Amino acid sequence: MKSVFCKQEKPIKGRILSVLVLLVSIVFLFYTEESILSRLVFFFFSLIVFGYSVSYKINKDFNNQKLFSVFGFPVLKTKLNLDFPDYISVFSASFSLDNEWGAVSAIGTKERHSKIVVRFFTKNKNFTLYKTERYEKALKVAHELSELLEVEIYDTIKK
């Protein structure tokens, strides 16, 4: 194994909004009388938003990359500067998001999500590589990273 990909999951709001924009663009494509060019541009833009994802590629030589992809095809690669980890940690964490836009703000100003997190720890620094709702997925990524980099895993959940 030469590298491990940590594909970041889209937040629920991002998934919902991208699906809605895609549906609107499909309706716009077939049921309006605008120029075909503007309808196609809007449709292709909505496809890009729908299929967009971010991944971290961790390599054996630790020359890491951040990949921006559309439907799994890398569009842009940037260097990911990380310190080599002393250990990898798998644990449960709670994340809060602001709800200060639109009708959602009437529900409350914060929304909380529990996630299972895989992080690199180097001395007093840490970097979150992967967040998911499924323990098995997080543990699989942590084991792949541990095997690749020959670094110990601390699993605080142990189911």
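The values are calculated or read from the model by the stated rules, or taken from the named source; none is laboratory data. Keep in mind that this is a model prediction, so the values were computed, not measured. Ideal geometry is used to build each Cβ from the backbone, glycine not excepted, and the neighbour counts take in all protein chains shown. Keep in mind that these areas ignore ligands, DNA and RNA; they rest on the heavy atoms of the full protein, side chains included. Shrake-Rupley method; radii C 1.70, N 1.55, O 1.52, S 1.80 Å.
Has segment 23-45 got at least one residue that is within 19 Å of the chain's Cα centre (by Cα) and surrounded by 12 or more Cβ atoms within 10 Å (Cβ to Cβ)? No. On the basis of being in contact with a strand residue (DSSP E or B) (Cβ under 6 Å, 6 or more places away or on another chain) and assigned to a loop (DSSP other than H, G, I, E, B), does Pro74 make the cut? No; evaluated as a whole, the condition is false for this residue. With respect to the conditions (1) assigned to a helix (DSSP H, G or I); (2) under 25 Å from Thr132 (Cα atoms); (3) open to solvent by 70 Å² or more (accessible area, probe 1.4 Å), Phe5 lacks only one, and its number is (1).
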